[in-house]
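Here, each number is a calculation from the coordinates, and none is a lab measurement. Predicted model, so just to flag it, every value in this text is computed and none were measured. Heads up, the Cβs are rebuilt from the backbone with ideal geometry, glycines too, and the neighbour counts pull from every protein chain shown.
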Amino acid sequence: MAATAGLVPAVEGIGLSRSYGGVRALNNAMFSALPGEVHALVGENGAGKSTLIKILGGRVRADTGTVRIMGEQMSFSSPHEAHRAGARTVFQELTLLPWMTVAENLLLGRPVRNRLALIDRAGTERAADQMLGTLGVTHIDPRALVEEISLAERQVVEIVRAITQDAKILFLDEPTSSLVEREVEWLFGQIRRLRAAGTSIIFTSHRWHEIRNIADRITVFRAGKEVGTYTELDEDHAVTLMTDRRVDALYPARSVLQAPTPALEVRRLTGAGVAGASLTLHKGEVLGMGGLAGHGHRELFFMLFGAARATGGAVTLDGRPVRLSNPRAAIRAGIALVPEDRKSEGLLLSIGVRENLTLSILRRVSRWGVIAKRQEQVLCRHMSDRLKIRAAGLGARVGALSGGNQQKVLLGRWLLADCRILLLYDVTRGVDVATKHEIYDLIMRLAGQGKAILFYSSEAEELAHLAHRVLVMREGRIAAELSGEALTAERIVAAAVRDHHAV
Amino acid sequence: MPSEALAGSLAPAVKARRRPLAHLLMQNAPVLLSLLMLAVSLFLYVAIFLATQHHLPGGFEITTTVNNTMPLAAAAAGQSLVVLTRGIDLSVGGIIDMSNAIAAVTLQDSAGSMILATMMILLIGAAAGLVNGLLVAVGRLQPILVTLATLSIYQGIAIRILPQPGGSIPQSYTAILANTNGPWSLVYVVLLCALWWAFRRSGLGVAILAIGNDPVAASSNGINVLRARIMAYVLAGILAAAGGLFLAASATGGDATTGDSFTLRSIVAIVLGGVSLFGGRGSAIGGVIGAFIITMIVNLLFFAHVNQLYESFFEGVFLLIAVVAASGIGYLARRRA
């Protein structure tokens, strides 16, 4: 933005510090954003972005430091007070009430009342319908319960609620993490409109192309403090600033494929969401899976892990047919799944890294039914080093680790259990760039050691750089296979959206 | 459409709207399910009554059923408010004991006395609920522990007030709250339901539901969590005290221990009525329906000549069947949706 000098910042944080337990989440940090600008906050997970937004949005109090809104000093003790000062936040953890309707949620703070001063249901629904309609959202029924709509739709509702409140300052903490392309386009349209109206928009994202697309300025955070604010910043430079170490290339070189030996063969697998998918995964291969969300990838992955029922088709492992009727059977056969939502699928958050790592191999580390502590320790130490798990120690609660490190713990468990087929489902979603880099490295090393890896990602860029081949799924079928020269992000996206007739 | 919509539309060409009937069925499934259970238990009751008495239940049966249910219906309505906030109120039985005992020793046969005593008893119920609410909300103590303790305390107070069963309830008081000449108490059933209907549309009602949905999100939305949580216990206290009055009126005398069984029965009633023990889902109307289901089951066992000692055994069996059926139907509904 050019003419920014002399403007009063819409929001300012001066010398903000905040500790959780003994951990300093924010350390004397400075931040300011101007009216009418879109300001991106970037940094590794745990760099303090979310804490900063929570403080500025009134959700948590700073231990020390000052918050100013429009030049006026604030001391928020609740989000409600921040709302009154004109600051609205879309938090990463959504704040919709699941068993109330979309309409009730949208109008929670400003109820539509009838003559008896009671809340008018019909009026609430009409008002909600209008709010959604004005913003071009007509696919969400205001009368539906929040639990009935999808995660992406909830995100949209949350955003609608925030931007229809005439906020002067809008904080969006990873607003796009559960949105698909079209919804991101919609959100950016709204952001541009609000910016033109003078709203100050502060957002975080791990997707660089989004930041490039919409941000006027970028502030980099590292270890609880700002590194600097930039109007121009390329990705490699940003990663270097975020990590304070030189990253030569985000993506490692592909491992060399040996003579292809099929490890996993899937023939016409059918079930809920999957309509006859066939594929062959080779030893040492990273087989990418691309396509739009909701086209059967998730279902396919869960079927291969025995966590969803297949109604037809066959799976062979090293040439022998296998029945994957439950995850235990899959793990015994050497198939492991790392899903994107490790919170609800696989890890026990309240216990330690060590216990999580050895959960599937308890028999192996036990003698006479009792866990042999020393042997367990050695195995875990080794795995933790190999995967570069960053934790306060092997005893640290998994729930306290960052998302990327939780992924590594789950992956480590499967490696200890000698799984040879790794199903990685969108494992880098919501993971910061530096940790992504480590995960990419890890994928390549594992492939180099002969593991067969099926890798779904919602980011075509990742697939294009990491996979040896990419299969694109559409409507539950494998719609295209890309390899060699044809393997580009553009081709993956094109194959994902093209309808049958146009092929 | 205003030009703002041009900023980008998310619209597929069609609007996503469920048909009104399907919508109604889906969103009121728990209450409809408990109505269904009520219908089934009513049918069984009528069948057994017919088989053993050789005629259909008449006015007398309807009147006793309603009068016998009112104490539990009121207590269950109160219990549902607390459970909606993710809490639980075990002291309901103790408050009923207190209210019952005080009614037996204070009520005189004059309009003034009756009004005054009633108000006082309801206020005492409110105070008892306030103690629970303050300890839970301000003291940040576990509801189950707090109300377990206050249950014993309130029971003790009740025994102190009325050491032996006795006292007397004026006939005119019985005629108002538990008239034996006709099912006039249905008025109170309707009143309870109407109160819930209005409450659900009040700021406090929404706040209580919101807390049960997600306390953090509720506070982020500007809801005064502390106040709403305390009020849930206060209202539960008032409703439990009202339950004690109904009990005293229908028993025409006081007994400082008859309220004890209401603690667990009120919880059973709200579960049968489709209130989620995890909070945030359900209604007081469900609690009232649940109370009627329990009375039906008790009647059923009576006319089936089941020994009273086995009553709780069969109540337990019915509860299990009901819970399994409810979750089974819920599962099927979700699979179809």
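At what distance in angstrom do the alpha carbon centres of region A:59-98 and region A:195-245 lie from each other? Result: 21 Å between the Cα centres. Rounded to the nearest whole Hz, the Karplus-based 3J(HN,Hα) values (6.51 cos²θ - 1.76 cosθ + 1.60, θ = phi - 60°) of region A:33-41 follow the sequence 10, 9, x, x, 10, 9, 10, 8, 10, with x at glycine and proline.
Stretching A:A223 away from A:A117 to a fully extended chain increases their span by 33.1 nm, per 0.36 nm per residue minus the current alpha-carbon distance. Note on region B:108-223: Rg/Rh from C-alpha atoms, Kirkwood Rh, equals 1.06. Short to long, the 20 Å bins of the Cα pair-distance histogram for the protein assembly as shown hold 13, 37, 34, 14, 1, 0 percent of all pairs. Counting only the Cα atoms, region A:180-238 fills a convex hull of 97 Å³ per residue.
What translational diffusion coefficient, to the nearest whole µm²/s, does region A:341-398 have by Stokes-Einstein, given a Kirkwood radius computed over alpha-carbon pairs, a temperature of 10 °C and 1.306 mPa s viscosity?
Working: Rh = 11.9 Å.
After rounding, the answer is 133 µm²/s.
Based on Cα contacts under 8 Å between residues 6+ apart, chain B shows a relative contact order of 34 percent. Hey, could you grab the Kirkwood Rh for chain B? Inverse mean 1/r over distinct alpha carbon pairs, Å, one decimal. Answer for chain B: a Kirkwood hydrodynamic radius of 21.1 Å.
Using 30 Å as the Cα-Cα cut-off, could you pick out the over-long pairs in A:K49/A:K408; A:K283/A:K388; A:K49/A:K388; A:K54/A:K408; A:K54/A:K373? Correct reply: A:K54/A:K373.
Available extension along the chain between B:W197 and B:V138 is 18.4 nm, counting 0.36 nm per residue and deducting the alpha carbon span.
A Förster distance of 35 Å, applied to the separation of the beta-carbon atoms of B:Y331 and A:E181, puts the FRET efficiency at 0.55.
Each residue in B:L264, B:L162 was given a count of other beta-carbon atoms within 10 angstrom of its own, and listing them fewest first yields B:L264, B:L162. Does region B:47-151 come out rounded, prolate or oblate by the C-alpha gyration tensor, with a ≥ b ≥ c the root eigenvalues, rounded set by a/c under 1.5 and, if not, prolate when a/b is larger than b/c and oblate if not? Cα axes put region B:47-151 in the oblate bin.
Simple spin-label estimate for A:D63 and A:A196 gives 4.5 nm between the two label positions (7 Å along the Cα-to-Cβ direction from each Cα). For the listed peptides B:145-152, B:185-192, a ranking on the average number of other beta carbons within 10 Å per residue, highest first, reads B:145-152, B:185-192.
What is the antiparallel percent of DSSP beta bridges lying wholly in the protein assembly as shown, to the nearest 5? That works out to approximately 60 percent antiparallel.
Would you calculate, for chain A, the mean residue ellipticity at 222 nm contributed by helices, counting each DSSP H stretch of 4 or more residues as -39,500 (n - 2.57) and dividing by all residues, to the nearest 500? Value at 222 nm, helices only, nearest 500: -9500 deg cm²/dmol.
D by Stokes-Einstein for chain A, Kirkwood Rh over Cα pairs, 20 °C, 1.002 mPa s: 87 µm²/s. Take A:289-299, A:253-263, B:57-67, B:91-101 and order them by the average number of nearby Cβ atoms within 10 Å per residue, most first; the result is B:91-101, A:289-299, B:57-67, A:253-263. Taken one residue at a time, the phi angles of region B:211-227 give Karplus couplings (6.51, -1.76, 1.60, θ = phi - 60°) of 4, x, 5, 5, x, 5, 5, 4, 5, 4, 8, x, 8, 7, 5, 4, 5 Hz. Gly and Pro are set to x.
With each run of n ≥ 4 DSSP H residues scored as -39500 (n - 2.57), what mean residue ellipticity at 222 nm is computed for chain B after dividing by its residue count and rounding to the nearest 500 deg cm²/dmol? Don't jump to the answer; show the numbers that get you there.
Working: 14 runs with 239 residues, N = 337.
-24000 deg cm²/dmol, from helical runs alone.
Legend: mean number of C-beta atoms from other chains within 10 angstrom of residue C-beta atoms, peptide B:273-281, equals 1. Rounded to the nearest 0.05, what FRET efficiency do A:H237 and A:R374 have when you use their Cβ-Cβ distance and R0 = 41 Å? Using R0 = 41 Å, I get an efficiency of 0.35. What share of the DSSP beta bridges in chain A is antiparallel, in percent to the nearest 5? In chain A, approximately 55 percent of DSSP beta bridges are antiparallel ones.
Taking a straight line from the alpha carbon of A:K451, these aspartates and glutamates sit under 13 Å away, with near neighbours fewer than eight places off in the same chain left out: A:E285, A:D318, A:D418.
Quantify how much of the Cα-Cα distance distribution of region B:180-337 extends past 18 Å, in percent.
68 percent
The mean count of C-beta atoms from other chains within 10 Å of the C-beta of residues in A:98-108, rounded to a whole number, is 4.
Note on A:71-78: average number of Cβ atoms from other chains within 10 Å of each residue's Cβ is 1. Based on every Cα atom in region A:269-311, Rg and the maximum pairwise Cα distance Dmax equal 10.7, 30 Å. In terms of overall dimensions, region A:57-176 has a Cα radius of gyration and Dmax of 15.5, 47 angstrom.
Ranking request for peptides B:293-305, A:376-388: highest mean number of other beta-carbon atoms within 10 Å first, then the rest in descending order.
B:293-305, A:376-388
From the alpha carbon centroid of region B:87-137 to that of region A:112-179 is 42 Å.
For region B:174-239, the alpha carbon convex hull comes to 83 Å³ per residue, rounded to a whole number. Principal-axis analysis of the Cα atoms of chain B puts helix B:143-161 at an angle of about 20° to the longest axis. Separation of region A:438-496 and region B:235-309, taken as the distance between their Cα centroids, equals 61 angstrom.
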